[in-house]
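As structure tokens, the structure follows; a few thoughts come after it.
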Amino acid sequence: MSKQSPVDGRGNTPLLEVSNLRTEITTKNEPVRAVDSVSFSVGRGEIVCIVGESGSGKSVTCESITRIIPQPPASIRSGTVSFDGTPLSTEENALRSIRGDQIAHIFQNPQQSLDPVYTVGEQIIEAIQMHRDVSRREARAESVTLLREVGIANATARIDDYPHQFSGGMKQRIAIAIALASDPALLIADEPTTAVDVTVQARLLELFDRLSKGGMSILLVTHNLRVVAALADRVLVMYGGTIVERGPTAELFDEPAHPYTQDLFESYGSIDDRRTTRARREIPTAGCRFQNECPFVVPECTSGAQPAFVPVTTDSNHMVSCVYYGGSYESNPIRNTDRTTDTQQTEQSTEQ
Ligand code: ADP
Ligand code: MG
């Protein structure tokens, strides 16, 4: 099921470029670095997946891109976001028009996208008409098609229902239809298939695949490593608010390099999935974020900044932020411990 990976996106200039993003969230007067030093790009027509345990900063990253995250409690401290080669404005009105048009969001919780006082049809028609000069009648016909595409049965009749008349999984699909109605260049989808059953999930994944082949770029957050293997061109692995490993999907699955990635892949689908059940450790502010849990920790890991990214193998875009890489490969205990996980293992696993 794995997909061929382009080297670094399909186009020359990436559609989205995020550099050095830092978002803090203040709770009980204590600012927490929810996202720190995060840089990545999404190419045209590319699907980039973000994986990482709960609380690692995936949603805050997604919601900082178009500043849709509520400020306060969040505060975007630094970072630049370029879209289609131009820096995104930080001005709310400009961002609002970009959000409804070129960059669409699908949230973990569909309620965030649905307005309870309008029928789903009105909401999809509005999104279509904001983007394109089509008649209401044409927009309505397109809305029915979109609802069918996301798997809403009897779409012709159900288009006039209100959000509360649908189940949670259906609301999520309607939120996806609204996001797609503007035909965005970039879709940011944060765990979009968590609330839907496997049949619908498969259908939505096919839809995402088709959309990306048609040129749409997708930034997808998912816990499901099978989905990552099947859909992603590239993967970003987050831990403690930062990216610890990134690379083309096949390479990253063939040789997960960071001790955290190895742990994440190994525990995937197992009954005692430590990544979701264990108590969270304190994330250190100096050195590698993973040092308190890393079986390979050495003094070098405990001071300075998060280690710089180095290539896992020569001539590769597979990069890891770990002191053991980048020179003395021979003496790297992480690489030598035969801990690699292959895609087959994850394909047999059950979804989290
Ligand atoms: P993920 O999506 O990877 O599960 P998030 O991006 O939601 O993680 O969260 C990153 C960090 O920011 C976590 O430590 C989380 O507790 C904190 N955080 C996120 N949203 C809020 C919020 N509204 N209030 C307080 N803390 C938050
Ligand atoms: Mg999240």
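Throughout, read-outs are computed from the coordinates displayed, never taken from laboratory work. A quick note: this is a predicted structure, and the numbers were derived from the prediction, not measured. Here the Cβ positions follow ideal geometry from the backbone for every residue, glycine too, while neighbour counts run over all protein chains shown.
Highest mean first, the peptides 158-169, 178-189 sorted by other C-beta atoms within 10 Å per residue fall in the order 178-189, 158-169. With contacts taken as Cα pairs under 8 Å and at least 6 residues apart, the chain reaches a relative contact order of 20 percent. Summarising the amide proton neighbourhood of Thr23: residues at separation of 5 or more, or on other chains, whose placed amide H is nearer than 5 Å comprise Ala34, Val35, Asp36, Arg77. Identify which of Ser75, Ser135, Ser59 has the largest mean-square fluctuation in a Gaussian network model of the chain, with springs joining Cα atoms closer than 10 Å. Among Ser75, Ser135, Ser59, the largest GNM mean-square fluctuation belongs to Ser135.
Averaging the sequence gap over all C-alpha pairs within less than 8 Å and six or more residues apart, then dividing by the number of residues, gives region 112-181 a relative contact order of 45 percent.
The slack in the chain from Glu282 to Val32, taken as 0.36 nm per residue of separation less the alpha-carbon distance, amounts to 88.9 nm. Kindly express, to the nearest 10 degrees and within the range 0 to 90, the angle between helix 198-213's C-alpha long axis and the longest C-alpha principal axis of the chain. For 198-213 against the chain, the angle is about 90 degrees. Here Leu147, Leu207 are placed in order of increasing Cβ neighbour count within 10 Å, fewest first, which gives Leu207, Leu147.
Quick one: angle between helix 136-149 and the longest Cα principal axis of the chain, in degrees between 0 and 90, rounded to 10, please. Computed tilt is about 40 degrees.
Per-residue ellipticity at 222 nm, computed for the chain from helices alone with -39500 (n - 2.57) per DSSP H run of at least four residues, works out to -9000 deg cm²/dmol. Residues Ile243, Ile283, ranked from the fewest to the most other C-beta atoms within 10 Å, line up as Ile283, Ile243. Annotation for Phe296 and Ser316: the two label points, set 7 Å from Cα along the Cα-Cβ direction, are 1.2 nm apart. Looking at the chain alone, DSSP beta bridges between its own residues are antiparallel in about 65 percent of cases. Here's how it looks for Val221: its modeled amide H is under 5 Å from those of Ile50, Ala189, Asp190, Glu191, which are all 5 or more places away or on a different chain.
Extension gain for Thr80-His131 works out to 15.8 nm (0.36 nm per residue, less the C-alpha to C-alpha distance). Only Lys, Arg, Asp and Glu carry charge here, each on its Cβ (+1 for the first two, -1 for the last two); on that basis the chain has a dipole of about 500 debye about its Cα centre. Stokes-Einstein at 25 °C, 0.890 mPa s, Kirkwood radius from Cα pairs: D for the chain in µm² s⁻¹? Translational D for this selection: 116 µm²/s. At full extension, Asp101 and Ala308 could sit 71.0 nm farther apart than now, given 0.36 nm per residue minus the alpha carbon distance.
When a footprinting reagent is the concern and you count Cβ atoms within 10 Å, what order do Asp133, Asp115, Asp190 take, fewest first? Lowest to highest Cβ neighbour count: Asp133, Asp115, Asp190. Within 15 Å, Cβ to Cβ, of Arg136, how many net charges do the neighbouring residues add up to if Lys/Arg are +1 and Asp/Glu are -1? Neighbourhood net charge equals -3.
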